[in-house]
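Single-structure report; data block below.
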Amino acid sequence: MAATRSDDTARGHDGRSLGEQLADVIERLPPDRVTLGELLDVFGDEGLLLLSMMLTLVFLIPVSIPGVSTVFGAAILLVGISRVLRRPLWLPARLRERSLPADRLRPGLEAGMKWVRRLEAVSRPRRLSWFVDGVAMDTFNNLAFVFAALLLMMPFGFVPFSNTLPALALLLYAVGFVQRDGGAIVFGHLAVIGTTIYVTILIAGGGDMTLQLFRRFTG
């Protein structure tokens, strides 16, 4: 079954909820290092949205792990592209084999799980279904997912909320896709709009500051 259509249900084949499935994967992380390829092997093509949800969790809390934004953001981006193209996920070997500290990831992932549980509690399958039904809307939502991943990868990790907002948008999209919950998708779009405004202000402010410094030193 294609990756873009195989995760339309909120529960796994064993009846576990999203949160239960993610918590189990986090619990089974190795004690020292883990690669993105190993995580992908755990979730498989049928769990790409679950994988995306897991990769957003470390950005929802104030924790800094070097290299995570680039690696996880790129992986989520490729998941989004695979959904837009309706093709299986492809990861370059360099990204698949990138090793990350599992011992530092686990606390962040566990802390981020509170967001998954909150969304599970309020998400309603088939709510506002016109936001998830149809090829055109599906393509639009997946392109928004890709855009949110690009926002997550932008080099503003040191700025408060610059990673949190797009990560929250991606989590909302993933929950909405899995649950077929148009309400979650709408909130994902709102989070993307908010992130875009925030990033625009950051870029404009940074450009203005650079211009003022240039004038000060050259004037």
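Taken together, the values in this text are just the output of simple stated rules run on the coordinates, not laboratory data. The structure presented is a predicted model; accordingly, all values stated were derived computationally and were not measured. Counting neighbours? That spans all protein chains shown, and the Cβs are built from the backbone with ideal geometry, glycine included.
Peptides 179-190, 18-29 ranked from most to least packed by the mean count of surrounding Cβ atoms within 10 Å: 179-190, 18-29.
Would you mind computing the Rg to Rh ratio of the stretch 18-218 from its alpha-carbon coordinates, Kirkwood style for Rh? Don't jump to the answer; show the numbers that get you there.
Numbers: Rg = 17.5 Å, Rh = 17.5 Å.
Here Rg/Rh amounts to 1.00.
Working ranking of peptides 97-109, 165-177 by packing, defined as the average number of other Cβ atoms within 10 Å per residue, highest first, is 165-177, 97-109.
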